[in-house]
Amino acid sequence: MIPEAILGVFVIFCRVGGCLLAAPGLSSTRVAPRIRLFIAVTVTLAVAPLLLPKFQGALRDAAPADTLWWILCETLTGLAIGFFGRAFFFALETMAGGVATMIGLGGIPGNPVADTEAASLVGSVIMMAATVLIFTLDLHWELVRGLVASYDRIPAGTPFGARPMLAGLVDRMTASFAMAVRVTSPFIIYSVIVNLALGLANKLTPQIPVFFIATPFILLGGLLLLMILSGDMLGQFMLAYADWLRRG
């Protein structure tokens, strides 16, 4: 019984660890790998009493090849769940870089939050705020609840087919980018109106460097717009992310 329990806990760890490896927040490069490992082990041990009775008997007489198949399936399932959640942050990070360019701050570098690639200053601030909100609103616990509930929809040892996984990823990326465009649409409208007005002014008075003179005012208007709308923008984003965590 003890070897079966240890093997069952390890199978659970494969799904939990795979999810935390890609899920937003805990998968950040700012979190040390050892800390992430400890968190994955802790979550696994916490949910193991709930999940072991669901599949422990199936591992009793499993051949080594079947056990390896279980481990592979659980790891890929966890990675897929984590990437589905990460899609929200991919979309927000892309649009946050666009917002920085729209308000004239695209050339100012910032420190990346979740990845190692360079990011804009505004994008880094928005991503840091979104990451902090995950833990402030206890959405990391919703992720754990979603992992436990995933065993009802995707039983342990069941292969996550490539076609459903890719279709789900495409649907999630589409919905995520549509949501990101929606929450950043005021900045898109602001950029179009401002640049159209400056283009007309430059056409009427070509001898005056309109864009050079108007740059501080563009920055001021963009920062004011960001200050006013940042709460609603992040609120809508977190509502969409929380809805996905609860409904899947």
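Laboratory data are not the source of any read-out in this text; all were calculated from the coordinates shown. Model, not experiment: these values are computed from the prediction. All Cβ positions, even for glycine, are placed from backbone atoms using ideal geometry, and neighbour counts span all protein chains on display.
Listing Trp141, Trp244, Trp69 from fewest to most neighbouring C-beta atoms within 10 Å gives Trp141, Trp69, Trp244. With a cap of 12 neighbouring Cβ atoms within 10 Å, and only residues DSSP puts in a loop, list the trypsin sites (Lys or Arg not before Pro) found in region 1-98. Filter output for region 1-98: Arg30, Arg60. A helix-only calculation puts the chain at -27500 deg cm²/dmol for mean residue ellipticity at 222 nm, using -39500 (n - 2.57) for each DSSP H run of at least four residues, averaged over all residues. Karplus-based coupling profile of region 221-230, in residue order and whole Hz: x, x, 5, 5, 5, 5, 5, 6, 9, 4, with θ = phi - 60° in 6.51 cos²θ - 1.76 cosθ + 1.60 and x standing for Gly or Pro. Stretched out straight at 0.36 nm per residue, the stretch from Ile189 to Gln236 would grow longer than its current Cα-Cα span by 15.1 nm.
What length, rounded to one decimal in nm, is gained on full extension from Ala62 through to Val132, with 0.36 nm per residue of separation minus their alpha-carbon distance?
Working: separation 70, 0.36 × 70 = 25.20 nm, distance 4.29 nm.
Length difference between fully extended and current span is 20.9 nm.
Under 8 Å for C-alpha pairs, at least 6 residues apart: give me the relative contact order for region 2-247, rounded to a whole percent.
Values: 257 pairs, mean separation 58.2, N = 246.
Over region 2-247, the number comes to 24 percent.
One Cα centroid belongs to region 14-93, the other to region 163-203; the line between them spans 33 Å.
Close amide H pairs (under 5 Å, H built 1.01 Å from N) link Ser120 with Gly110, residues at least 5 positions away or on another chain.
Over region 29-99, the fraction of Cα-Cα pairs per 5 Å bin, rounded to whole percents and listed from the shortest bin up, is 3, 12, 11, 21, 19, 13, 9, 6, 4, 2, 1, 0.
Compared with the dominant Cα axis of the chain, that is its longest principal axis, helix 139-153 is turned about 50°.
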